[in-house]
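**Q** Before I ask anything, here is the structure I am working with.
The values are calculated or read from the model by the stated rules, or taken from the named source; none is laboratory data. Fair warning: this is a prediction, and the values are worked out from it, not measured in the lab. All Cβ positions, glycine included, derive from the backbone under ideal geometry; neighbour counts span all protein chains shown.
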Amino acid sequence: MDFDPATANRPAALARRESFLCRIALVIVMAWYAYSNVRSNSEWVKPGPGAYYELLTAAIVSGQTHLKIAPDPRLKTLPNPWSGGQGIPRAHDATYFNDRYYIYFGVAPVILLYAPWRLATGTYLADGAGTGVFCAIGFLLAVWFFRRCQRRFFPTPRPWWTFVVVLTLGLGSFVQFELRSSEFYQVPIACAFACAMGAANALLLAAGSARWRVQALGVALACALGSVAIGARPNYLFALLATLTGVGWLWWGWVRTQGFWSREARTILAAAVVPVIVVGSALAGYNYARFGNVSEFGIRYQFAAVDMREMKLLGLEHMRRAFEGYVLAGREYSLYFPFIRQTTENIGLLPWAPFALCALAFPLTWRNPRWRNRAWVMGVGVPLFAALANFGTLLLYFYVFDRYVLDFLPMMMLAACLSVSVLWVTEFRRRFLGRVLRGGAMLLLLYTGVHSVVHGLPVGTSRPEMSWLARLMNHVPYLVERLSGVEYGAVEAEVTFAAGTAGVTEPLVVTGGGRDLIYVRYLEPERAQLGFFHTGSGGPLSEPFLIEPGKTRRLRIDLGSLYPPAVHAAFVGWRESEIAAVQRRVDVSLDGRSLLRFASAMHQYEPENLQLGRNPASATDLIFRGRIAATGRGGLPERELIAAELGTGPLRLKLRLPPFAATFAQPLLSTGRMGAGDLVYVFYVGPNRVRFGHDCWSRALVETPDVYYDPGEDQEIEIDMAPLHAGKSDTLAGREHLRIRFNGRTLIDTPRAFHPAEPAEVFVGHNAISSSSSEVNFNGPLLESSRLPRWPEAPTDGARLIRFKLPAERAGRSEPLLTTGVTGAGEVVFIRFPDAGQFVIGYDKWSVGGPVSDPIPCNDNSELEIEISLGSLYADRKPGPDWDEAALKRLRSTVRVRVNGRTVLNHTSESFPTTAAQIWIGENPIGASSCFEKFTGRIEQAIPVGPVRLR
């Protein structure tokens with residue numbers, strides 16, 4: 001029966017049953033915490049530092065405040081290194097100041113946990129492990145708080161209620177959402193949560209005692225832990241101020257009864273002030289040692305997507321968006337297990353955790369005089385006030401993240417459980433109204449608990465212990481889809497374009513609730529590009545094509561978001577790598593011509609969310625003005641084709657590098673995962689000039705020399721490195737070696753360390769490992785990617801690449817660059833200087849002559865790179881898969897010369913028969929009249945680069 005406050009004693013058997021159920025709930029929650037955290041962190045303990053809190057631990061233990069990683073020296077040459085990504089590798093979200101790296105994220109976790117662990121064991125606790133420890137401590141302290149309140153203020157209405165409350169505090173407050181992360185962002189949040197729960201218990205100790213010494217102890221602990229929480233999360237300053245209001249209540253009580261200068265009043269005041277001063281001074285000194293400013297935590301100098309110094313991080317203008325994020329942001333139900341989309345977006349209290357709002361009923365408990373006392377009002381009300389102060393602070397903050405709910409939600413859940421417990425034994429005892437209120441509270445609690453648990457479920461093929469359940473549960477929607485005729489796979493459509501307006505974009509195919517889409521971008525009334533957009537990272541554009549308004553075209557769009565989830569029954573029997581290959585693809589063709597082909601992350605597909613020609617999720621996207629109608633779906637691809645796509649071995653990319661716009665980097669290939677991956681990127685140095693680089697996570701990067709390119713020409717890039725050779729042990733196959741070739745020219749061939757990667761973790765044109773060295777996606781046309789059976793041998797014939805410096809005395813001279821053939825049957829490519837400030841490139845065929853280029857400006861410091869392709873440079877070769885007969889014939893009858901990547905001559909001319917011994921660089925031994933005998937500049941490199949690809 002319900003407890004009557006008038007009866008003081010409870011049966012011992014009931015108390016034992018309650019304690020037993022409490023222990024069972026504790027075991028369940030702690031076991032789930034351990035599973036979630038350990039399963040999400042491949043390493044709990046590391047021999048050396050790698051992630052940010054491990055690096056900060058190494059710094060603090062060695063007596064310094066800056067991280068032991070050296071910034072790229074090029075950063076300090078930038079006018080504003082904080083102005084977003086500028087192509088120079090940098091530590092993302094680290095603080096850069098005085099050519100050193102720091103982190104804005106609080107030092108308190110290092111002082112409380114990471115440094116003691118390092119000193120005691122000689123190893124480093126992983127970032128994710130620290131999150132798990134702090135979350136577990138915070139949960140246990142929350143349970144202890146509830147049990148202390150329970151024993152002091154109210155017996156439990158039913159023994160099972162304690163069981164439910166413990167499960168709610170552990171699994172219903174979204175703590176396990178933080179536990180799943182291995183990232184450093186959650187570490188200070190979890191640390192501050194644990195400190196806040198410790199401070200709440202200390203304040204309860206002070207509020208519930210009549211002895212001034214006990215009160216002083218509780219106040220000192222509460223203020224110390226509240227101050228340390230600021231060392232983890234600076235926004236806890238307002239929570240500390242809320243705590244001090246409760247302390248002021250205690251202090252004023254002694255002032256009224258004993259006097260202002262009484263020992264009791266002075267001790268309470270000192271217990272509050274001294275910890276705040278000590279911890280505050282330590283934090284101020286830490287900030288001053290780093291930035292020369294006691295109030296600077298480092299966020300203004302943080303490397304982010306924008307210059308943080310120019311942002312207004314706090315302001316009333318942020319309230320509406322933050323309120324929507326933390327209160328109203330909804331959840332999306334899904335056809336597939338776990339039937340709720342596991343968002344990393346905001347978690348609104350109303351749609352996600354409405355039971356927490358029962359905390360606002362706390363003042364109703366004061367209706368009964370039994371709970372109108374200092375111990376209850378201060379012991380529970382002040383921690384709740386502190387949590388609401390955190391919530392209010394977040395409403396003023398520019399950034400709105402789901403992980404921030406730990407600043408206020410657990411304490412609100414605790415206060416809600418306490419409020420409902422008290423109301424249960426008072427207001428809920430009324431027969432009809434009490435049953436309605438009790439039932440409503442239980443429904444809210446069940447709803448919140450289910451959503452919290454589901455949000456924390458580990459799903460996917462990488463979790464075999466859960467994937468069997470997911471596959472089992474997904475059989476039901478699979479059968480429903482089969483009966484209702486739902487299809488998967490590529491959308492095959494007929495499309496008719498209307499004349500466009502330059503700069504206007506219109507959606508074609510939209511999936512994932514508007515988060516993934518293919519769109520058309522008009523360049524001119526009859527020219528356009530297709531583009532891919534993925535929320536959070538954007539995407540590339542295709543090469544331009546003619547619209548031909550009014551003409552019906554065949555459009556095929558194959559996106560990973562057009563397939564069911566990995567644990568869907570349709571994928572029974574598929575390997576994980578095959579599923580991953582399907583779910584990351586972007587393959588778009590128009591009339592059989594490939595326009596987009598690369599890999600990208602995707603949002604989950606829901607059949608009813610597929611939209612053609614419109615994007616209901618966007619208020620700004622236009623409707624497609626042409627006509628688009630689906631004619632069919634491609635279905636699941638043949639597994640044999642998927643296996644061929646995955647492949648193994650070196651990678652060949654055919655792409656077009658976009659024109660230079662700024663110094664930045666874009667991904668070509670990423671392997672592995674965040675924290676343990678590799679990235680090969682292209683860095684745009686200047687007009688027509690790039691370099692390539694390799695970034696191995698937590699290791700030094702390496703870059704190639706600069707090379708030139710023509711934005712209007714196709715480029716061929718070949719990459720070989722260990723992660724591309726899954727399951728191979730042959731060291732000659734490219735393992736432990738990095739090789740990059742650009743248009744047949746080897747740019748780098750050196751030993752390198754790599755992180756292991758599965759075939760499913762190889763992404764082309766996408767920075768899947770979130771490396772700070774490049775942007776998220778390659779945005780030029782990626783025309784083709786294929787695997788090679790072996791690394792190509794260095795070419796011995798074909799076009800010649802010549803790097804040289806100009807002659808000092810050059811005005812009026814004409815000098816040879818390349819000569820082939822013999823006297824009377826030869827060709828020469830020469831450089832002629834009308835004056836010292838310009839030159840032309842010419843081609844001369846014996847007895848025929850040839851064209852010259854337009855003038856090209858130069859100076860004494862000019863270093864030129866010239867690529868010359870003549871038919872006479874190619875040895876006899878048979879047609880093959882790479883070069884058919886028509887392509888070989890074009891090579892033998894075309895003269896093409898590029899200067900610094902730009903084509904300056906493109907001329908049709910049949911070459912004379914030539915042998916390898918009849919090819920000269922910088923000489924004219926055949927006596928051609930178009931130039932002198934020798935080149936008088938300095939030739940620094942001359943190599944064959946094989947056949948060129950002619951457009």
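**Q** Go through the stretch 819-859 and report how many residues are acidic (Asp, Glu) and in a loop (DSSP other than H, G, I, E, B).
**A** Counting residues in the stretch 819-859 that are acidic (Asp, Glu) and in a loop (DSSP other than H, G, I, E, B) gives 1.
**Q** Out of the residues in the stretch 692-711 meeting the condition of being without any contact (Cβ under 8 Å) to a residue 40 or more places away in the chain and of a type in the set (D, E, K, R), tell me which one is surrounded by the fewest Cβ atoms within 10 Å (Cβ to Cβ).
**A** My answer is 706.
**Q** Kindly check whether there is at least one residue in the stretch 42-63 that is part of a helix (DSSP H, G or I) and without any contact (Cβ under 8 Å) to a residue 12 or more places away in the chain.
**A** Within the stretch 42-63 (the criterion being part of a helix (DSSP H, G or I) and without any contact (Cβ under 8 Å) to a residue 12 or more places away in the chain), the answer is yes, since at least one residue qualifies.
**Q** Within the stretch 239-259, is there a residue that is among the hydrophobic types (A, V, I, L, M, F, W, C) and either under 30 Å from residue 66 (Cβ atoms) or in contact with a His (Cβ under 8 Å, 6 or more places away or on another chain) (or both)?
**A** yes
**Q** Identify, from the list 876, 844, 882, 860, the residue that is at pLDDT below 90, more than 16 Å from residue 948 (Cα to Cα) and acidic (Asp, Glu).
**A** 860
**Q** What residue, among those in the stretch 402-439 that are within 19 Å of residue 365 (Cβ to Cβ) and outside any helix (DSSP H, G or I), is modelled with the lowest pLDDT?
**A** Out of the qualifying residues, it is 430.
**Q** Let me ask another. Residues that are under 15 Å from residue 765 (Cα atoms): find the strands (runs of 3 or more DSSP E) completely inside the stretch 510-619 holding 3 or more of those.
**A** It comes to 527-534, 585-590, 593-599.
**Q** Please tell me if residue 807 is under 37 Å from the mean Cα position of the chain (by Cα), within 30 Å of residue 922 (Cβ to Cβ) and at pLDDT below 95.
**A** no
**Q** Let me ask something else. What number of residues within the stretch 267-311 satisfy the criterion of being over 17 Å from residue 228 (Cα atoms) and in a helix (DSSP H, G or I)?
**A** Final tally of qualifying residues: 14.
**Q** Hey, residue 886 hits all of (1) surrounded by 17 or more Cβ atoms within 10 Å (Cβ to Cβ); (2) under 30 Å from residue 787 (Cβ atoms) but one; which does it fall short on?
**A** It is condition (1) that residue 886 fails.
**Q** Which one is nearest to residue 155 (Cα to Cα), of the residues in the stretch 350-401 that are among the polar types (S, T, N, Q) and out of contact with any Pro (no Cβ under 9 Å at 6 or more places or on another chain)?
**A** Step by step, filter the stretch 350-401, then rank; the result is 365.
**Q** Next up: Search the stretch 330-344 for residues that are closer than 17 Å to residue 176 by Cβ and among the hydroxyl-bearing types (Ser, Thr, Tyr) and pair each with any residue that is modelled with pLDDT under 80 and surrounded by fewer than 20 Cβ atoms within 10 Å (Cβ to Cβ) when their beta-carbon atoms are under 7 Å apart and the residues are at least 6 apart or on different chains.
**A** The qualifying pairs are 343/331.
**Q** Of all residues in the stretch 314-372 being β-branched (Val, Ile, Thr) and under 26 Å from residue 234 (Cβ atoms), which is surrounded by the fewest Cβ atoms within 10 Å (Cβ to Cβ)?
**A** Restricting to residues being β-branched (Val, Ile, Thr) and under 26 Å from residue 234 (Cβ atoms), the top hit is 344.
**Q** Also: With respect to residue 475, determine if the residue is crowded, with 18+ Cβ neighbours inside 10 Å and either in contact (Cβ under 8 Å) with a residue 40 or more places away in the chain or not in a helix (DSSP H, G or I) (or both).
**A** Against the criterion (crowded, with 18+ Cβ neighbours inside 10 Å and either in contact (Cβ under 8 Å) with a residue 40 or more places away in the chain or not in a helix (DSSP H, G or I) (or both)), residue 475 does not qualify.
**Q** Quick check, is residue 636 assigned to a loop (DSSP other than H, G, I, E, B) and not assigned by TED's automatic domain parsing to the domain that holds residue 761?
**A** yes
**Q** Based on this model, can you work out whether residue 387 counts as assigned to a helix (DSSP H, G or I) and touching a Phe, Trp or Tyr at 6+ places or on another chain (Cβ under 7 Å)?
**A** Here the answer is yes, as residue 387 does meet what is asked.
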